[in-house]
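Chemist: Below is one structure. I have some questions about it.
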Amino acid sequence: MKNKILDRYEKTIDDEIIINISTEKIEDLYVNYDKNSSFIKKDLNDELEKYLVQSIEEIGNHPFIIKFYFNENPETQTKEKLKNSIKNYFEYLQHLEQIKLKKQVKNSFIFILFGFIFISIALFLGDTEKFLLRLFSEGVMVAGWVSLWEAMATILIKWLPLKNKLEIYKKIANAKIDIS
């Protein structure tokens, strides 16, 4: 199946996959919230970002090049600005994902800490004969296990997609870019 997906793309002589992007003008690649800023400072169009991310997910670790086509050939200086803009934008997205990843790891350690504290309290109170203390002990035990479960779910389930996204952003930021 992987080969069929790769067959959808053109390839260079060096067997690099070509991700083609064609538009009328460079400005079409960017969002238009701030019409006064140069395109270098603007965010990329959401559709372009999704297209690049999905393309990289499809091709996996295969080497690739991003090739832009415009109706008019931009000046050399503009081409360099576009390349830097793409690199900077995906480095910025990497930074945001790293912040999310750090936050998830921090939250996981907090949940682990609270989980062990709650379970310790439950075990300490567990041998009592008093009904209310026993009931409280059971409730704290459940809270401890839920806290530990949340920590493990975050580490095992939520962490991997963020890490994968981080890798994709890194690949795009470091990609070869050709502008025609």
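Chemist: Can you tell me which of Ile56, Ile121, Ile13 moves the most in a GNM of the chain? Springs connect C-alpha atoms under 10 Å apart.
Modeler: With Cα springs under 10 Å in the chain, the top fluctuation among Ile56, Ile121, Ile13 is at Ile13.
Chemist: Using the Cα centre of the chain as origin and beta-carbon charges of +1 (Lys, Arg) and -1 (Asp, Glu), tell me which of Ile112, Leu160, Ile172 is placed farthest towards the positive end of the dipole.
Modeler: Working it through, the farthest residue towards the positive pole turns out to be Ile112.
Chemist: Using the Cβ atoms and a cut-off under 14 Å, what net charge is assigned to the surroundings of Glu75, where Lys and Arg are +1 and Asp and Glu are -1?
Modeler: Working: positive: Lys25, Lys79, Lys81, Lys83; negative: Glu72, Glu80.
Every neighbour counted, the sum reads +2.
Chemist: Same structure again: Treating cross-link reach as a plain straight distance, find the lysines whose alpha-carbon is under 23 Å from the alpha-carbon of Lys79, omitting any fewer than eight places away in the same chain.
Modeler: Cα-Cα hits under 23 Å: Lys11, Lys25, Lys35, Lys41, Lys42, Lys50, Lys67, Lys87, Lys170, Lys171, Lys176.
Chemist: Using 0.36 nm per residue, how much length does the chain from Val142 to Asn73 gain when fully extended, once their Cα-Cα distance is taken away?
Modeler: That works out to 18.4 nm of additional length.
Chemist: State the extension gain, in nm to one decimal, for the chain segment bounded by Leu123 and Lys4, taking 0.36 nm per residue of separation less the distance between their alpha-carbons.
Modeler: 37.1 nm
Chemist: After finding the eigenvalues of the alpha carbon gyration tensor for segment 11-107, what semi-axes result from the square roots of 5 times each, listed largest first in whole Å?
Modeler: 25, 21, 11
Chemist: Using Stokes-Einstein with the Kirkwood hydrodynamic radius over Cα pairs, what translational diffusion coefficient do you get for the chain at 37 °C and a viscosity of 0.692 mPa s, in µm²/s rounded to a whole number?
Modeler: The estimated diffusion coefficient comes to 165 µm²/s.
Chemist: Please check: in the Gaussian network model of the chain (C-alpha springs, under 10 Å), which one of Asp15, Asp43, Asp127 has the largest mean-square fluctuation.
Modeler: Asp127
Chemist: Name the residue, out of Lys67, Lys106, Lys130, whose mean-square fluctuation peaks in a Gaussian network model built on the chain with Cα pairs under 10 Å.
Modeler: Of the options given, Lys130 has the highest mean-square fluctuation.
No lab work stands behind these numbers, since they all come straight from the coordinates. Predicted, not measured: the structure shown is a model, and the values here were computed from it. Neighbour counts run over all protein chains shown; Cβ positions are idealised from the backbone, glycine included.
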